[in-house]
Amino acid sequence: MSATENTLILETTQGPVTIEMRPDLAPNHVARIKELVREGFYDGIVFHRVIDGFMAQTGCPHGTGTGGSGQKLKAEFNKEPHVRGTASMARAANPDSGDSQFFICFDDARFLDNQYTVWGKVTEGMENVDKIERGEPVQNPDKIVKARMAADKE
């Protein structure tokens, strides 16, 4: 399996962000995110919850944090730490409630370790993640213009 097969590129309003997906950590989450990317699910979706020094969250089709794709995933908690650049699934109180929403850590958030499913890490473009507009909710949110897998042809 080539690296590009697991390379997710988010074209955001702040610039490109490359995430190396980790099927070795969370095979079902990675497979589902790839499906959603290929369906165009993430295209145009905003970063609806962005907390300075913590994380930027996206993946809600309503832009409010209240929605998803309608397919809940069983948690795949792993030992990977929540540090700067970590991509992890958002969820409700139920550990098996992850769906399409995910977040990227701005900084270390080790208190999340073993409680959220880490599925990737930003390898390029973290400076663009740093520029995402903050807020809960964000007044003028940045968004994912287009999400694509590097291995897929344009």
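Any read-out appearing in this document is the output of simple, stated calculations on the displayed coordinates, not a laboratory observation. All values reported here derive from a predicted model rather than from experimental measurement. Reconstructed Cβ throughout: ideal geometry from the backbone, glycine too, with neighbour counts over all protein chains shown.
Between 142, 130, 24, which gets the highest mean-square fluctuation from a Gaussian network model of the chain, Cα cutoff 10 Å?
Largest GNM mean-square fluctuation: 24.
How high is the FRET efficiency between residue 126 and residue 71 when r is their beta carbon distance and R₀ equals 22 Å, given to the nearest 0.05? Don't jump to the answer; show the numbers that get you there.
Working: r = 29 Å, r/R0 = 1.31.
Efficiency, rounded to the nearest 0.05: 0.15.
What is the Cα centroid distance between the range 23-59 and the range 81-103, reported in whole angstrom?
9
Can you put 144, 51, 19 in order, fewest other beta carbons within 10 Å first?
51, 144, 19
Treat the range 3-149 as a sphere of radius equal to its Kirkwood radius over Cα pairs and apply Stokes-Einstein at 37 °C in a medium of 0.692 mPa s; give the translational diffusion coefficient in µm²/s, rounded to a whole number.
223
With label points built 7 Å along Cα→Cβ from the Cα atoms of residue 136 and residue 62, find their separation and express it in nm.
1.8
If the only charges are +1 at each Lys and Arg Cβ and -1 at each Asp and Glu Cβ, what is the size of the charge dipole of the range 3-149 around the Cα centre, to the nearest 20 debye?
280
Under 12 Å from a point placed 7 Å out from the Cα of residue 43 along the Cα-to-Cβ direction: which residues of the range 138-154 have their backbone N that close?
Only 145-149, 154 fall inside the zone, counting backbone N under 12 Å.
Taking the alpha-carbon distance from residue 131 and a cut-off under 17 Å, which lysines remain once sequence neighbours fewer than 8 residues away in the same chain are dropped?
Within reach: 143.
Modelled label-to-label distance, residue 94 and residue 52, 7 Å Cα→beta-carbon offset: nm?
In this crude spin-label approximation the distance works out to 3.6 nm.
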